[in-house]
Amino acid sequence: MTGKRVLVTGGAGFIGSHLVEELLKRGREVAVVDDLSAGKLEYLEGVMDHPNMDFHKLDILRTEELKEFMGGVEVVYHLAANPEVRIGESDTWIHIEQNLLATRSVLEAMKDSGRARTILFTSTSAVYGDAEVIPTPETYAPLFPISHYGASKLGAEALLSSYSHYFGFHSLIFRFANCVGPRLTHGVIYDFVNKLRRNPQELEILGDGTQRKSYVHVKDCVEAMLVAEKRCSRQVDVFNIGSDDWVDVKRIAEIVVEAMGLEGVRFKYRKVTEDGRGWKGDVKFMRLDNSKIKSLGWRPTFTSEEAVRETALYVASLQ
Ligand SMILES: NC(=O)c1ccc[n+]([C@@H]2O[C@H](COP(=O)([O-])OP(=O)(O)OC[C@H]3O[C@@H](n4cnc5c(N)ncnc54)[C@H](O)[C@@H]3O)[C@@H](O)[C@H]2O)c1
């Protein structure tokens with residue numbers, strides 16, 4: 001793998017920037033494309049001057065321009081997406097455009113590049129919807145996502161499969177649980193810290209607080225991708241990536257309160273749906289069966305609570 005030229009879409013984002021750092025450490029030549037809609041150049045500060053690093057500000061929907069950056073690229077790590085599950089009810093187009101059509105654009109650029117034949121894609125546990133089997137294995141069916149985010153990622157997974165069949169691509173799909181860690185800029189921990197900054201006496205919790213999910217540290221996510229890239233030779237394959245346990249939203253609120261050094265905070269629950277979800281499209285219970293990626297030698301190094309705590313301390317330390 002050393003010396004290979006690779007492309008990371010969304011490389012200035014939360015997970016992408018950690019992946020870029022790791023790829024450079026492992027001796028790859030890394031081209032990054034990111035439109036900076038959510039990503040930040042400061043996340044790449046430590047590697048911007050690296051001789052094997054090449055950053056381009058680009059919207060990946062611009063297929064013709066994207067093709068120009070595919071020169072010499074052998075492997076594409078496709079992370080660019082809109083990851084905000086919550087906005088799917090008010091904006092029914094954004095996930096179709098940013099996640100599904102954008103993935104098609106990446107696949108088209110690969111097709112015409114002649115050289116890029118491997119793609120690693122960050123999908124999500126949201127493709128399972130309200131799964132009736134927990135921990136949920138990759139073989140769980142039928143897949144009925146309950147959010148446009150999950151639906152768009154499932155559609156993108158299907159496109160990876162069909163492009164692989166037509167054009168001989170090697171596709172690895174990663175269904176991440178909630179990925180957290182330094183540089184996180186969205187999700188429940190981030191929201192709680194910001195709400196508590198505005199009002200340190202009371203925290204509004206969306207849903208009934210019993211929503212329970214698996215949280216996985218970003219370093220474990222990156223390692224899982226690189227382990228699978230090295231050890232999986234099936235033409236198209238899919239891996240769940242999560243920690244082995246889960247944590248509920250009330251406990252997350254407690255951890256955030258502790259991390260901010262606050263005491264006596266009142267929790268106020270806002271029931272948005274009859275069954276206590278935080279918003280329409282929010283999967284209430286999620287834990288993934290990780291045995292498939294573990295069979296390749298990967299193990300999570302953080303529990304859900306440890307990953308949440310480290311993230312809460314990080315977000316709380318930001319100005
Ligand atoms: N964070 C999680 O819990 C989680 C869980 C499951 C899957 N994922 C997936 O992992 C990937 C990375 O997520 P993240 O949490 O780092 O989010 P993020 O928002 O920090 O990163 C996404 C990056 O993509 C860029 N981007 C978005 N649209 C673009 C476009 N059209 N062209 C170029 N760049 C574009 C953004 O600027 C950002 O830097 C996403 O595909 C997301 O769906 C994340």
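Determine if the range 221-240 includes at least one residue that is within 16 Å of the ligand (Cβ to nearest atom), among the charged types (D, E, K, R) and either part of a loop (DSSP other than H, G, I, E, B) or assigned by TED's automatic domain parsing to the domain that holds residue 276 (or both).
Looking through the range 221-240, none of the residues is within 16 Å of the ligand (Cβ to nearest atom), among the charged types (D, E, K, R) and either part of a loop (DSSP other than H, G, I, E, B) or assigned by TED's automatic domain parsing to the domain that holds residue 276 (or both).
How many of the residues making up the range 1-44 are within 12 Å of the ligand (Cβ to nearest atom) and touching a Leu at 6+ places or on another chain (Cβ under 8 Å)?
Taking the range 1-44 and keeping what is within 12 Å of the ligand (Cβ to nearest atom), we get 7-20, 32-44.
Subsequent filtering for residues that are touching a Leu at 6+ places or on another chain (Cβ under 8 Å) retains 8-17, 19-20, 32-35.
The number of residues fulfilling the criteria is 16.
With the structure loaded, tell me whether residue 221 is surrounded by 19 or more Cβ atoms within 10 Å (Cβ to Cβ), more than 27 Å from residue 90 (Cβ to Cβ) and touching a residue at least 40 places away in the same chain (Cβ under 8 Å) or whether it fails that test. Lay out the reasoning, then the answer.
Working: surrounded by 19 or more Cβ atoms within 10 Å (Cβ to Cβ): yes; more than 27 Å from residue 90 (Cβ to Cβ): yes; touching a residue at least 40 places away in the same chain (Cβ under 8 Å): yes.
It is true that residue 221 is surrounded by 19 or more Cβ atoms within 10 Å (Cβ to Cβ), more than 27 Å from residue 90 (Cβ to Cβ) and touching a residue at least 40 places away in the same chain (Cβ under 8 Å).
Just one of the numbered conditions (1) within 26 Å of residue 298 (Cβ to Cβ); (2) touching a residue at least 24 places away in the same chain (Cβ under 8 Å); (3) in the same structural domain as residue 92 (by TED's automatic domain parsing) is not true of residue 188; which one?
The single condition residue 188 does not satisfy is (3).
Would you mind listing the strands (runs of 3 or more DSSP E) fully within the range 1-59 where at least 3 residues are among the hydrophobic types (A, V, I, L, M, F, W, C)? It would help to see each step written out before you state the result.
Details: elements: 5-9, 29-34, 53-57.
Per the criteria, 5-9, 29-34.
Could you identify the single residue in 178, 240 that is in contact with a Pro (Cβ under 9 Å, 6 or more places away or on another chain) and closer than 18 Å to residue 131 by Cβ?
Values: 178 fails: in contact with a Pro (Cβ under 9 Å, 6 or more places away or on another chain).
Selected residue: 240, the only one of 178, 240 that is in contact with a Pro (Cβ under 9 Å, 6 or more places away or on another chain) and closer than 18 Å to residue 131 by Cβ.
Name every residue in the range 52-72 that is more than 8 Å from the ligand (Cβ to nearest atom) and either under 17 Å from residue 22 (Cβ atoms) or among the aliphatic types (A, V, I, L, M) (or both), in order of residue number.
52, 53, 54, 55, 66, 70
I'd like to know if the range 73-95 contains one or more residues that are on the phi > 0 side of the Ramachandran plot, modelled with pLDDT of 95 or more and either more than 11 Å from the ligand (Cβ to nearest atom) or outside any loop (DSSP other than H, G, I, E, B) (or both).
For the range 73-95, residues on the phi > 0 side of the Ramachandran plot, modelled with pLDDT of 95 or more and either more than 11 Å from the ligand (Cβ to nearest atom) or outside any loop (DSSP other than H, G, I, E, B) (or both): absent.
The values are calculated or read from the model by the stated rules, or taken from the named source; none is laboratory data. This one's a predicted model, so the numbers in the text were calculated from it and none came from an experiment. Glycine also receives a Cβ, built like all others from the backbone with ideal geometry; neighbour counts cover every protein chain displayed.
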